[in-house]
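The values are calculated or read from the model by the stated rules, or taken from the named source; none is laboratory data. This structure is a prediction, so every number in the text was calculated from the model and none was measured. Virtual Cβ from ideal backbone geometry, glycine too; neighbours counted across all protein chains shown. Ligands, DNA and RNA are stripped out before the accessible areas are found, and what is left, the full protein with its side chains, is counted by its heavy atoms. Shrake-Rupley method; radii C 1.70, N 1.55, O 1.52, S 1.80 Å.
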Amino acid sequence: MAVADHPVPDLGDRARACADRLRSADRVLLASHIDADGLTSAAVASAALARARIDHEVVFEKQLDAESIAGIAAREYDVVLFTDFGSGQLDVIATHESRGEFVPVIADHHQPADADTEFHLNPLLEGIDGASELSGAGASYVLARALEGPDGDNRDLAALAVVGAAGDMQD
């Protein structure tokens with residue numbers, strides 16, 4: 001995908017870094033929120049991972065807190081992709097990351113905690129409004145486009161991203 005083809009150019013570098021990290025993983029645990037935006041975020045991300053031939057498993061959480069993050073870490077995946085949550089829980093996630101339990105990749109639109117991580121795709125980090133301009137499913141779509149191979153095309157996943165945005169009552 002050419003830089004000009006990127007759906008949200010301001011997020012292009014972050015999306016490419018996240019995609020590169022996911023491609024280098026042996027397998028990925030995809031953890032997502034169990035609401036309309038989270039379900040569609042996971043659907044977009046899972047389809048993109050499958051098309052990129054990245055082995056993965058999907059889990060859903062009602063709430064991402066210290067206990068659920070510990071449960072995710074206990075699954076022993078080297079890389080965990082968080083969609084539609086994770087930014088606000090970076091302080092807890094960073095603790096697990098610093099212990100070497102997993103590398104987090106985050107595609108989210110919620111307000112980030114004070115901690116940060118290398119693979120963090122969030123519109124708020126680039127001055128884009130995550131409450132009205134890009135949902136979690138939208139962030140997953142940006143990541144999906146970055147995961148396209150030379151012959152890949154994930155543009156069909158845009159419809160799911162729109163459903164996620166509508167489910168999150170975005171404009």
*Under Karplus coefficients 6.51, -1.76 and 1.60, residue-wise ³J(HN,Hα) of the stretch 113-125 in Hz, glycine/proline x*: 6, 5, 6, 9, 9, 5, 9, 10, 9, 8, x, 4, 6
*Out of residues 5 or more away from PHE60 or on other chains, whose amide H comes under 5 Å of its own, with H placed 1.01 Å from N in the peptide plane?*
SER32
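Where only protein heavy atoms count, and the probe is 1.4 Å, what is the accessible area per residue for the stretch 24-109 in Å²? Walk me through the numbers on the way to the answer.
Numbers: 3550 Å² over 86 residues.
Averaged over the residues of the stretch 24-109, the accessible area is 41 Å².
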*Taking amide H positions as placed in the peptide plane 1.01 Å from N, state which residues far from PHE82 in sequence (5 or more) or on other chains have amide H under 5 Å from it.*
ALA31, VAL105, ILE106, ALA107
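Using a 1.4 Å probe on the protein heavy atoms, what percent of the accessible area of the chain belongs to carbon and sulfur?
48 percent
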*With every protein chain kept in the model, how would you rank GLU126, GLU118 by accessible area, 1.4 Å probe, largest at the top?*
GLU118, GLU126
_Computed helical MRE - 222 nm, the chain, DSSP H runs ≥ 4 contributing -39500 (n - 2.57), nearest 500_ = -12000 deg cm²/dmol
*For the stretch 1-65 and the stretch 93-120, compute the distance between their C-alpha centroids and round to whole Å.*
14 Å
_Mean Cβ neighbour count within 10 Å, used as a protection proxy, ranking 148-160, 30-42, 74-86, 46-58 highest first_ = 30-42, 74-86, 46-58, 148-160
*Calculate one ³J(HN,Hα) per residue across the stretch 27-39 by plugging θ = phi - 60° into the Karplus curve 6.51 cos²θ - 1.76 cosθ + 1.60, and present them in order as whole Hz with x for glycine and proline.*
7, 10, 9, 9, 10, 9, 6, 9, 9, 4, 5, x, 5
